[in-house]
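Notes for the one structure printed next.
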Amino acid sequence: MTYRLLFAAPLAAAVALAGCGPSGRVKEETIEVKENSALDQSKKYLEAYSKGQPISSEASTYDSLVAEVRKTDAARADVLQKGFDDLKKAPKGSVPAKAKEILAKLAPRMTAD
């Protein structure tokens, strides 16, 4: 039994150390994380509603999302404010259609030069 132990212990140590990789070499990687803007978050909610997801606790964030959008785009903030207010009052069956309507109003307009 001691012979097995003498053979197994160095073998176990060699296997354990082999998994550590080369010392002093760390692979560095930079990952860019895009900030999720309030308008993007609002659109995600509306897209989910348009696919049938019911309105739930995220409705409590509507006012803060509208306030953030208002800092950069007052027109879209007005659309969101009215749209979110309408969604809160809408019967459940009409939420998907209403969400699609709001998304269409938020879409960027193409202009001719």
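The values are calculated or read from the model by the stated rules, or taken from the named source; none is laboratory data. Remember, predicted model here, so these are calculated numbers, not experimental data. As a convention, Cβ positions derive from the backbone with ideal geometry for all residues, glycine included, and neighbour counts pool all protein chains shown.
For the stretch 79-95, give me the residue count where each residue is surrounded by fewer than 18 Cβ atoms within 10 Å (Cβ to Cβ), touching a residue at least 12 places away in the same chain (Cβ under 8 Å) and farther than 17 Å from S64 by Cα.
Residues flagged as surrounded by fewer than 18 Cβ atoms within 10 Å (Cβ to Cβ), touching a residue at least 12 places away in the same chain (Cβ under 8 Å) and farther than 17 Å from S64 by Cα within the stretch 79-95 amount to 1.
In the stretch 62-78, how many residues are crowded, with 17+ Cβ neighbours inside 10 Å and either in contact (Cβ under 8 Å) with a residue 60 or more places away in the chain or of a type in the set (A, V, I, L, M) (or both)?
Matching residues across the stretch 62-78 total 4.
Tell me, which residue of the stretch 83-113 that is more than 21 Å from the chain's Cα centre (by Cα) and basic (K, R) is modelled with the highest pLDDT?
Step by step, filter the stretch 83-113, then rank; the result is K98.
Output the helices (runs of 4 or more DSSP H) that fall wholly within the stretch 46-113 and possess 1 or more residues being over 17 Å from N36 (Cα atoms) and not polar (S, T, N, Q), or say none. So that I can check it myself, show each step before the final result.
On the way: elements: 62-70, 74-89, 95-106.
Qualifying helices (runs of 4 or more DSSP H): 74-89, 95-106.
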